[in-house]
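Q: Quick one: the structure is below, questions incoming.
The values are calculated or read from the model by the stated rules, or taken from the named source; none is laboratory data. None of these values were measured; they are calculated from a predicted model. Note that each Cβ is placed from the backbone with ideal geometry, even for glycine, and that neighbours are counted across all protein chains shown. For accessibility, only protein heavy atoms count, side chains too; no ligands or nucleic acids. Shrake-Rupley method; radii C 1.70, N 1.55, O 1.52, S 1.80 Å.
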Amino acid sequence: AEAKSLTASQKTKLMKVINEGEDKALIALPGIGETRAAAIKKARPVGDVLDLLKIDGIGEQTFTDLIKHAKAGMPEPVKKEEASETKSKTTKKKSS
């Protein structure tokens, strides 16, 4: 049911990353690390979003996270350095 809630554009973007993305792009997806990225690459070409559930290491939770990520427009992950920079700027503003 969750996969059906994706628009055609969202589905296309997700499948493009799944089928064509390099390691860095795959690892940027929620719940995907090096091991799952390798499993995705081995399973290519992935024909449908639901086929993600057939890939080793991708269960219901990871699948749900991927669908949510696609629905959010495939945002780029915030790097740890950027997140701490933003946090420190916010902290400085509060203390002055």
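Q: Quick one: count up the residues across region 12-39 that are touching a residue at least 24 places away in the same chain (Cβ under 8 Å), more than 12 Å from Thr62 (Cβ to Cβ) and more than 10 Å from the chain's Cα centre (by Cα).
A: So the answer is 3.
Results for (1) at pLDDT below 95; (2) loosely packed, with under 11 Cβ neighbours inside 10 Å, shown as yes or no for each residue.
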{"residue": "Lys4", "(1), (2)": "yes, yes"}
{"residue": "Ala25", "(1), (2)": "no, no"}
{"residue": "Thr35", "(1), (2)": "no, yes"}
{"residue": "Val46", "(1), (2)": "no, no"}
{"residue": "Leu52", "(1), (2)": "no, no"}
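Q: Next question, about the same structure. Consider Asp65 carefully, then state whether it is open to solvent by 20 Å² or more (accessible area, probe 1.4 Å), in contact with a Pro (Cβ under 6 Å, 6 or more places away or on another chain) and of a type in the set (Asp, Glu).
A: So Asp65 fits the description; yes.
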